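The values are calculated or read from the model by the stated rules, or taken from the named source; none is laboratory data. What you see is a predicted model, and the numbers here were worked out from it, not measured in a lab. Backbone-built Cβ (ideal geometry, glycine too); neighbour counts: all protein chains shown.
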């Protein structure tokens, strides 16, 4: 038996229940991981509320770090007690113990602690594919990053600055603006205080940015499009304020033949080899201190409802982890 968060009905944080669950031995091709730290992400809110359809009852959580507790048949390359981490498209990481497909698990190198790893696997790899694959940022590119003081945002802005981009961040408050400036942003605009489109145009001398990374969704989608230069790319990768509105493709033409994409991590790391390569690049950036992982909040697994309330109220900064 192990403790795990179970969702039996969609709703607010109050539907999160800590229960005893039976964990079977790992199946063929699986590794059983005893968690030491668990990452919290906005996608967990989408699963909890039913924005992303799930079959109930369900677990929550897509990333975690821990040690190998057991190894299933036909699994090679792992040993009991080894430090590992994973990101997995199927929710269920809010637990003390979990079976995970071995091809989604990576070994943790020295210099990356468990809490950092739990914050890096989904958020860090998201920053990796956004910057290195979806739109390959080049030196001198002006870019706009929404939620720049969030878990993905703080990683993405540091990495983008290292690549030579001119980073403009958008945050929700002045304290978050100060945090974002310390983590890679050249300039930070505060939503509700600053006119985002006018600010971006002024900062880019009327040209607009090469790419917008937008995890907010409905509230920022249209203004994000208006911040782009001709042939710019709109990357919508989250729905913190709700799904973006419907868009007529002709609107992209009218704004300058823009590109629009809605990417997800799993399409960028479909194989074991691609996951390992992405993780190596990410871990190298952290170990060389080009990226600092900021754990802004830690909660016990039993206090997960507080974690979700704070996340939805935008009271969090950086990454949030649960300690089982």
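The condition (being crowded, with 23+ Cβ neighbours inside 10 Å and over 20 Å from residue 156 (Cα atoms)) is satisfied by just one residue among 102, 70, 95: 95. Filtering the stretch 1-21 to residues that are in a strand (DSSP E or B) and under 22 Å from residue 85 (Cα atoms) leaves 2, 3, 4, 5, 6, 21.
Each row is one residue, and each column tells you yes or no for (1) assigned by TED's automatic domain parsing to the domain that holds residue 160; (2) more than 22 Å from residue 301 (Cα to Cα).
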position: 62; (1), (2): no, no
position: 69; (1), (2): no, no
position: 82; (1), (2): no, yes
position: 91; (1), (2): no, no
position: 96; (1), (2): no, no
position: 110; (1), (2): no, yes
position: 128; (1), (2): yes, yes
position: 135; (1), (2): yes, yes
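Condition first: free of Cβ contacts under 8 Å to residues at least 40 places away in the same chain and outside any helix (DSSP H, G or I). Now tell me which residues in the stretch 300-314 satisfy that. Scanning the stretch 300-314 gives 300, 313. The single residue among 143, 155, 168 that is farther than 16 Å from residue 234 by Cα and surrounded by 24 or more Cβ atoms within 10 Å (Cβ to Cβ) turns out to be 155. Whether any residue in the stretch 235-255 is under 17 Å from residue 130 (Cα atoms) and surrounded by fewer than 19 Cβ atoms within 10 Å (Cβ to Cβ) is what I want to check. No; the residues of the stretch 235-255 include none that is under 17 Å from residue 130 (Cα atoms) and surrounded by fewer than 19 Cβ atoms within 10 Å (Cβ to Cβ). For residue 243, the requirement of being touching a residue at least 40 places away in the same chain (Cβ under 8 Å) and in contact with a strand residue (DSSP E or B) (Cβ under 8 Å, 6 or more places away or on another chain) is not met.
Within the stretch 263-286, is there a residue that is exposed (fewer than 14 other Cβ atoms within 10 Å of the Cβ) and part of a strand (DSSP E or B)? So far as the stretch 263-286 goes, no, none of its residues is exposed (fewer than 14 other Cβ atoms within 10 Å of the Cβ) and part of a strand (DSSP E or B). The residue of the stretch 22-61 that is farthest from the chain's Cα centre (by Cα), among those that are crowded, with 24+ Cβ neighbours inside 10 Å and assigned to a loop (DSSP other than H, G, I, E, B), is 60. Kindly check whether there is at least one residue in the stretch 128-149 that is at pLDDT 95 or above, touching a strand residue (DSSP E or B) at 6+ places or on another chain (Cβ under 7 Å), over 20 Å from residue 293 (Cα atoms) and in a helix (DSSP H, G or I). Within the stretch 128-149, one or more residues are at pLDDT 95 or above, touching a strand residue (DSSP E or B) at 6+ places or on another chain (Cβ under 7 Å), over 20 Å from residue 293 (Cα atoms) and in a helix (DSSP H, G or I). For beta carbons closer than 7 Å, sequence separation of 6+ or different chains, a first residue in the stretch 207-220 that is touching a residue at least 60 places away in the same chain (Cβ under 8 Å) and not assigned by TED's automatic domain parsing to the domain that holds residue 234 and a second that is assigned to a loop (DSSP other than H, G, I, E, B) and surrounded by fewer than 23 Cβ atoms within 10 Å (Cβ to Cβ), there are no qualifying pairs.
Select from the stretch 246-285 the residues that are in contact with a strand residue (DSSP E or B) (Cβ under 8 Å, 6 or more places away or on another chain) and closer than 19 Å to residue 220 by Cα and list them in ascending order. Correct list: 247, 252, 255, 256, 258, 259, 260, 261, 262, 263. The set of residues in the stretch 171-211 that are on the phi > 0 side of the Ramachandran plot and surrounded by fewer than 19 Cβ atoms within 10 Å (Cβ to Cβ) comprises 192, 205, 206. Please verify whether the stretch 115-136 includes one or more residues that are without any contact (Cβ under 8 Å) to a residue 40 or more places away in the chain, out of contact with any helix residue (DSSP H, G or I) (no Cβ under 9 Å at 6 or more places or on another chain), surrounded by fewer than 22 Cβ atoms within 10 Å (Cβ to Cβ) and within 30 Å of residue 228 (Cα to Cα). Checked the stretch 115-136: at least one residue is without any contact (Cβ under 8 Å) to a residue 40 or more places away in the chain, out of contact with any helix residue (DSSP H, G or I) (no Cβ under 9 Å at 6 or more places or on another chain), surrounded by fewer than 22 Cβ atoms within 10 Å (Cβ to Cβ) and within 30 Å of residue 228 (Cα to Cα). So is residue 74 in a loop (DSSP other than H, G, I, E, B) and over 21 Å from residue 125 (Cβ atoms) or not? Against the criterion (in a loop (DSSP other than H, G, I, E, B) and over 21 Å from residue 125 (Cβ atoms)), residue 74 qualifies.
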